[in-house]
Amino acid sequence: MKGLIYTVFDEKLGPIAKVCQPADLSPPELQEKVPMMVMNIASNMQEVVQAIATIPIPAFGIKSLVRFIKFNDPQLRGGIGEAALVLLFDEAEDTIYYKYIKQFEEVFNKYAKVAKSFQEKKAPKTHYTTLLGSMSDELRGLLEVLEKEETGGEKTRAFASDESEASRDEFAFKLVILGDGSVGKTSLVLHFTDKAFRQTYLPTIGTNLSEKNVEFDGIKVGLVIWDIAGQAKFNKFRKNFYKGGKGVFIVFDLTSKESFKNVKAWYDDVVSTIGTVPCIVIGNKLDLKEKREVDDASIAALKAELKCDVVLTSALTGDHVNDAFITMARLIHMLNH
Ligand SMILES: Nc1nc2c(ncn2[C@@H]2O[C@H](COP(=O)(O)OP(=O)(O)OP(=O)(O)O)[C@@H](O)[C@H]2O)c(=O)[nH]1
Ligand SMILES: [Mg+2]
């Protein structure tokens, strides 16, 4: 864990780091850039979500867990103020945070409640310093417990084995997953990485990252999968995350003509930002046969137009999900060796 920032949106100064933990959090630019970035995302959402979000900050090689906070303040425009608790950690440490996100969320929720009450009773800055200090102690305690759990009592630095770290360094490719909101991007990644499926729709905020090594013909390829929020409210900042992408999935929902129509726009958006990279179009929700709105002829026409492979999948049944990722890994590997 690198540190914590309590950031508030100040009407005159914009987003600022009200308190940092440690107070001399470095590099110093973080104290300026992180609040800007976090509040930029918040302002792109119609409603600030009461859940923890994972937001990468690629320029610094770090990632963050963010819990947005709304508080009442009659002196502000609209009577509502916005703040956020932000935890910063090195990209290399992400496994533990993703795996135990629920535990971290509990800690965040607790401190978010306290921060909200501090805001509403106009507490002095020292209160926030103490708050962040306690939160930092609690998180470090939690990390220690989880680390022990992961290593079976043996205390070692790394959560991932040295072997997987080495292979990741050697052949780790960034893969970007795009497409309209709710087409099933996160569900596909969940299925591919841990075979889980979630019925309820929890829109992605910003970006979720996962990693997985795939093997074919004796070749190991590490994929770092950037699952990017599809909802239009995230349009402004989305392009920041395309950089370095070695392959792109554009997902549409076979039961939504609208999402299919938008594939071309997603394709153009990527190509205009990072140039031509291997691209596979995924038609998802294949299991919902009676609701299907996109026919094979339209898909064939799009395939010819974009010159991309098309794979039809179901994140629910798992049909062809692995095939899509393995085909992508093959394409990327071929082009990069
Ligand atoms: N029946 C069926 N439902 C699916 C399938 N894939 C996803 N869903 C459901 O569709 C909804 C949206 O799925 P998500 O994976 O969250 O969609 P997303 O593309 O990540 O959406 P954003 O994060 O907002 O961009 C959820 O309720 C899923 O359970 C599928 O293959 N079949
Ligand atoms: Mg999603």
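The values are calculated or read from the model by the stated rules, or taken from the named source; none is laboratory data. Given the structure is predicted, the values throughout are model-derived calculations rather than measurements. Here Cβ is always computed from backbone atoms with ideal geometry, including for glycine, and neighbour counts include all displayed protein chains.
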Got a sec? Which strands (runs of 3 or more DSSP E) wholly within the stretch 22-137 have at least 1 residues that are of a type in the set (Asp, Glu) and not assigned by TED's automatic domain parsing to the domain that holds Phe241?
80-90
Quick one: in the stretch 165-197, which of the residues that are of a type in the set (Lys, Arg) and assigned to a helix (DSSP H, G or I) is modelled with the lowest pLDDT?
Arg168
How many residues does the stretch 183-225 contain that are buried (at least 16 other Cβ atoms within 10 Å of the Cβ) and within 11 Å of ligand 2 (Cβ to nearest atom)?
13
Can you name the condition, by its number, that Ala265 falls short on among (1) modelled with pLDDT of 95 or more; (2) surrounded by 17 or more Cβ atoms within 10 Å (Cβ to Cβ)?
(2)
For the stretch 198-218, indicate whether the set of residues that are within 13 Å of ligand 1 (Cβ to nearest atom), part of a helix (DSSP H, G or I), of a type in the set (D, E, K, R) and in the same structural domain as Thr255 (by TED's automatic domain parsing) is non-empty.
no
Quick one: which of Ala301, Ala329, Ala324, Ala315 is in the same structural domain as Leu175 (by TED's automatic domain parsing), over 30 Å from Ile219 (Cα atoms) and of a type in the set (Gly, Ala, Ser)?
Ala301
Failed criterion for Ile250 (all others in (1) touching a Gly at 6+ places or on another chain (Cβ under 6 Å); (2) modelled with pLDDT of 95 or more; (3) near ligand 1 (Cβ under 8 Å from one of its atoms) hold):
(3)
Report yes if some residue within the stretch 236-249 is in contact with a Lys or Arg (Cβ under 7 Å, 6 or more places away or on another chain) and hydroxyl-bearing (Ser, Thr, Tyr); otherwise report no.
no
Does Val248 satisfy the criteria of being within 21 Å of Leu306 (Cβ to Cβ), within 16 Å of ligand 2 (Cβ to nearest atom), out of contact with any Ser or Thr (no Cβ under 9 Å at 6 or more places or on another chain) and of a type in the set (A, V, I, L, M)?
yes
Could you pull out the residue among Val311, Val271, Val321, Val277 that is in contact with a Leu (Cβ under 7 Å, 6 or more places away or on another chain) and surrounded by 14 or more Cβ atoms within 10 Å (Cβ to Cβ)?
Val321
If I go through the stretch 97-149 residue by residue, how many of them are more than 26 Å from Gln75 (Cα to Cα) and β-branched (Val, Ile, Thr)?
3
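A quick yes/no check of all residues on (1) in contact (Cβ under 8 Å) with a residue 24 or more places away in the chain; (2) under 22 Å from Arg330 (Cβ atoms):
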position: Gly206; (1), (2): yes, no
position: Ala229; (1), (2): yes, no
position: Lys233; (1), (2): yes, no
position: Lys243; (1), (2): yes, no
position: Lys261; (1), (2): no, no
position: Lys264; (1), (2): yes, no
position: Tyr267; (1), (2): yes, yes
position: Val271; (1), (2): no, yes
position: Ile280; (1), (2): yes, yes
